[in-house]
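Asks: If you scroll down you'll find the structure; I have some questions about it.
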Amino acid sequence: MPEVHAGSYKEAILFLVTAGIVVPLFHRLRISPVLGFIGAGALLGPFGLGRLADTTPYVHLFTIGNRTEIAHLAEFGVIFLMFMIGVELSWERLRTLRRLVFGLGSLQVVCSALVLGAILYGLKVPLAGAAIVGIGLALSSTAVVLPVLAEQRRLNTPTGRASFAVLLFQDLAVAPVLFAIAVLGRDDGGDRGWALALALGQAAVALVLIVGAGRLALRPLFHLVARTRSTELFMAACLLVIVATALTAAASGLSMTLGAFVAGLLLAETEYRRAIEATIDPFKGLLLGVFFVSVGMNLDPAQLVATPGAILGLALALVLIKGAVVLMAAPVLKISRPVALEAALLLGPGGEFAFVLIGGAMVAGLVPEAVGAAALIVTTVSMIAIPVLAGLGRRIARRAAGAARAQAAAEPHPERVENRVIVAGFGRVGRQVGEMLARHGIPYLALDSDAARVAEQRRAGAPVYFGDSGNVEMLRRCGIDTARALVVTLDTPRAVEAAVAAARSERPDLTIVARARDARHASALYELGVDDAVPETIEASLQLSEAVLVDVGVPMGLVIASIHERRDEYRALLKRREGEAKPVFRARRTVGKALGKPAPKPAPAPKPASGPKPTSGPKPAKETPPREGAQTAGRQG
């Protein structure tokens with residue numbers, strides 16, 4: 001049996017011990033484990049206990065000396081992270097975010113790089129070096145920002161979407177910069193412009209091949225693997241796809257992270273998406289921990305202690321410059337100020353790609369050693385501060401939202417206008433309703449409880465006011481006593497029901513049209529007294545039916561007539577369900593109050609001899625039709 005050297009596994013053991021201690025401890029303290037991994041890397045790295053390894057016995061057992069091996073594992077942490085992001089994103093969502101990705105993302109990268117590069121060039125750094133360092137510092141940390149947002153369950157919030165869009169554009173921008181560094185670093189006397197164009201073309205062809213091959217092969221591959229019902233084989237297939245696409249992208253000049261991201265996008269459209277997420281998530285967490293340890297290993301506490309003011313001042317300046325760019329770009333894309341403030345603090349610090357770009361430029365001789373080293377330590381310090389800045393940004397955003405809410409609440413109450421329509425909720429659906437009312441010359445007034453949305457729409461000239469549609473006093477202030485109709489477009493069923501109940505209690509004769517989640521919710525709204533409930537699912541099916549009937553050649557007039565007829569049938573069915581459900585509910589409630597137990601009601605007086613056993617009473621099912629008929633007649637009369 002070959003001899004086993006414990007030193008060969010020292011780095012792996014130290015990392016597992018760190019993960020076993022740091023994650024539970026920091027979770028208990030409610031602190032992001034990211035800080036723990038970075039701190040462990042600084043302590044166990046060459047600039048921490050590593051300084052004492054040669055002079056103090058046994059200290060070397062507690063230090064991480066193989067930085068190259070750690071760096072390779074750390075790179076795979078970012079690769080797995082981008083793969084998981086792609087799986088969760090899908091092409092459809094990417095198309096939805098294209099305005100933020102190519103709008104806010106491009107503005108942030110270009111403007112930040114120009115400002116930072118100009119400052120460095122003014123400090124006598126060569127033009128090429130200033131440009132590369134400026135671009136490197138303009139990039140933010142995908143590996144830290146996204147886990148922090150995911151831990152707070154805020155990836156799907158406006159701040160999460162804006163931050164992710166910028167980070168995605170930054171990752172797409174890394175590949176051309178790496179090409180430029182590789183071409184500028186060559187000294188072969190060739191045409192550098194032609195070499196760069198050739199490299200870009202090669203990368204574009206590789207990307208098309210990855211997408212094409214993935215669309216053709218990935219679904220059949222996972223279908224074949226899934227039929228074996230082998231968890232191990234499924235895991236192997238997942239790892240194969242990630243590593244193969246990453247290496248293919250790297251061989252073509254693209255970043256490995258971009259290749260893994262594209263693979264995730266392709267798999268997001270398959271039925272194996274959830275199983276892949278569950279399989280890869282543990283690998284991603286461990287490898288990201290390695291990445292954070294490697295970031296901490298690059299931090300030299302001695303250098304930080306020697307010049308703390310300069311380093312901290314430069315890190316603060318970096319955050320402020322990049323944050324200011326985000327704040328100035330946000331209004332162009334109609335991003336609210338609270339969201340922009342929080343995103344600015346998340347995107348202000350440096351990122352992991354700075355180590356790749358600036359480190360590669362230092363090796364190629366394009367960036368002076370002193371400038372590159374200073375930029376990297378400033379990047380590391382700013383990355384350590386991301387969890388703290390995330391918490392600070394969240395508090396600032398809350399205060400800004402509170403101030404906006406107070407300002408919106410302080411808006412003067414609307415002037416009384418006779419015969420006006422009130423729109424409860426002014427999101428996408430409410431705005432469409434308002435636009436159609438305005439197109440037909442019908443005056444309207446809108447209410448919304450989102451202060452940022454109210455401020456934005458008021459700047460656009462819309463008659464929207466801050467307030468709760470379920471508050472009777474607010475409806476009175478809006479003139480519900482003379483309103484022509486109420487349209488409830490809120491997206492929360494409870495909020496819709498509250499608004500309908502408040503309006504109906506104030507105006508029994510008011511026309512109320514409400515948005516419903518589905519048929520069951522529509523029935524509940526009819527019971528509350530709406531005139532028309534519009535279920536989203538039913539309306540979507542009717543619109544699809546209309547489109548397909550027209551497309552296959554059915555005359556438009558017949559299609560419109562049949563759609564209206566079908567809509568009336570649905571409405572009658574929902575109202576009939578409401579009419580059947582209401583008497584039973586009221587009967588049970590009356591019996592419970594009168595007798596204290598759910599017993600059937602005695603037989604009506606006109607039928608004393610309906611059976612030989614009068615003590616048992618008739619069955620409830622036989623009693624229901626006369627009660628329904630009586631109530632129906634009462635309503636019609």
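Coordinate-derived values only; no laboratory data. Please read these numbers as outputs of a predicted model, since none were measured by experiment. Note that we place each Cβ from the backbone using ideal geometry, even for glycine, and neighbour counts take in every protein chain shown.
Asks: Computed FRET efficiency, Cβ-Cβ of ALA561 and VAL363, R0 56 Å: what is it to the nearest 0.05?
Replies: Given R0 = 56 Å and the Cβ-Cβ separation, E is 0.15.
Asks: Mind checking the dipole of region 411-516: about its Cα centre, +1 per Lys or Arg Cβ, -1 per Asp or Glu Cβ, Debye to the nearest 20?
Replies: It comes to approximately 240 debye.
Asks: Show me 221-229, 500-508, 336-344, 513-521 ranked by packing, highest mean number of other Cβ atoms within 10 Å first.
Replies: Going by the mean number of other Cβ atoms within 10 Å, highest first, we get 336-344, 513-521, 500-508, 221-229.
Asks: Using θ = phi - 60° and the Karplus relation 6.51 cos²θ - 1.76 cosθ + 1.60, list the HN-Hα couplings for region 35-40 in order, rounded to whole Hz, with x at every Gly or Pro.
Replies: 4, x, 5, 5, x, 5
Asks: I would also like to ask the following. So which trypsin sites (Lys or Arg not before Pro) in region 104-180 pass both tests, a DSSP loop state and at most 16 other Cβ atoms within 10 Å of the Cβ?
Replies: LYS124, ARG153
Asks: Now for a different question. Based on other C-beta atoms within 10 Å, arrange VAL552, VAL78 from fewest to most.
Replies: VAL552, VAL78
Asks: Any chance you could run the full-extension gain for LEU221 through THR56? It's 0.36 nm times the residue separation minus the Cα-Cα distance, nm to one decimal.
Replies: Length gained between LEU221 and THR56: 54.0 nm.
Asks: If you don't mind, there's one more thing I want to ask. So, R0 is 30 Å and r is the distance between the beta-carbons of VAL550 and GLU269; what FRET efficiency does that work out to, to 0.05?
Replies: Computed FRET efficiency for VAL550 and GLU269 comes out at 0.60.
Asks: Shifting gears a bit: Put +1 on the Cβ of each Lys and Arg and -1 on the Cβ of each Asp and Glu in region 411-516; which of ALA452, VAL429, TYR465 then has its Cα farthest toward the positive end of the dipole?
Replies: Of the candidates, VAL429 comes out farthest on the positive side.
Asks: Apply the Karplus parameterisation 6.51 cos²θ - 1.76 cosθ + 1.60, with θ equal to phi minus 60°, to every residue of region 384-395 and state each ³J(HN,Hα) to the nearest whole Hz, in sequence, with x for glycine and proline.
Replies: Per-residue couplings from phi come out as 4, 7, 4, x, 5, 5, 5, x, 5, x, 5, 5 Hz.
Asks: With +1 on each Lys and Arg Cβ and -1 on each Asp and Glu Cβ, how big is the dipole of region 69-400 about its Cα centre, in debye rounded to the nearest 20?
Replies: Computed charge dipole of region 69-400: roughly 1320 debye.
Asks: I've got another one for you. Mind listing the long-range amide H neighbours of VAL488? Cut-off is under 5 Å, sequence gap 5 or more, other chains count too, H placed in the peptide plane at 1.01 Å from N.
Replies: Close amide H contacts, sequence-distant or interchain: ALA424, VAL513, ALA514, ARG515.
Asks: Right, another one. List the residues of region 227-258 whose backbone N lies under 16 Å from a point placed 7 Å from the Cα of LEU198 along the Cα-to-Cβ direction.
Replies: 252-253
Asks: Over region 452-521, what is the relative contact order in whole percent, taking alpha-carbon pairs under 8 Å and six or more residues apart?
Replies: Rounded, it is 31 percent for region 452-521.
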